[in-house]
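Handing you this structure, nothing more for now.
The values are calculated or read from the model by the stated rules, or taken from the named source; none is laboratory data. The structure displayed is predicted, hence computed values, not measured ones. Cβ placement follows ideal geometry from the backbone for every residue including glycine, while neighbour counts extend to all protein chains displayed. Note: accessible area is taken over every heavy atom of the protein model, side chains too, but ligands, DNA and RNA are not part of it. Shrake-Rupley method; radii C 1.70, N 1.55, O 1.52, S 1.80 Å.
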Amino acid sequence: IMRHLGRAGVRVLVAHHCRLAERIARTVSNEPGLTVLNRTHSNQVAICCGDGADGDKLTMQVLRRVQENGRVYPTHGEWAGRKIIRASVIGYGMQEEDADLLSAEIIDAHRCCVADVL
């Protein structure tokens, strides 16, 4: 990529990825029951559901549902002792509509998983 874009182009790409991560974090954090654990200074967003062990279980259920839907593929991880959904913005061609799709998939899966419990 460096050879193709040059230093200035890579800077623009990284800044774009950071803005998309901020967009995801902002959208997801507006959904009750979803929390973004990190500041989005980079292209990573750490998302969890609920609190404690029950929240960790719900987080993993939401992640599985998102992955099974197959439209986007965030991964798992741990952040500050919590299980998380890790959204990494790294795709060269990723745009706002892709960030919005990722956010929507996480929010929809969360709503479905919470409804399944009720």
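On the basis of being surrounded by 12 or more Cβ atoms within 10 Å (Cβ to Cβ), among the aliphatic types (A, V, I, L, M) and at pLDDT 95 or above, does V28 make the cut?
yes
Go over the candidates L34, L63, L5, L20 one by one and state the one that is closer than 12 Å to A87 by Cβ and either in contact with an Asp or Glu (Cβ under 8 Å, 6 or more places away or on another chain) or at pLDDT below 95 (or both).
Within the list L34, L63, L5, L20, the selection yields L20.
So which residues in the stretch 72-115 are open to solvent by 30 Å² or more (accessible area, probe 1.4 Å) and part of a helix (DSSP H, G or I), if there are any at all?
E96, E97, D98, D100, L101, A104, D108, R111, C112, V114, A115
What is the residue count in the stretch 4-47 for residues that are of a type in the set (K, R) and assigned to a loop (DSSP other than H, G, I, E, B)?
Qualifying residue count for the region: 1.
Considering only residues of the stretch 50-71 that are farther than 17 Å from D116 by Cα and outside any helix (DSSP H, G or I), which is farthest from the chain's Cα centre (by Cα)?
D51
Could you grab me the full set of residues in the stretch 31-59 that are without any contact (Cβ under 8 Å) to a residue 24 or more places away in the chain and buried (at least 16 other Cβ atoms within 10 Å of the Cβ)?
Passing the criteria: T35, V36, T40, G50.
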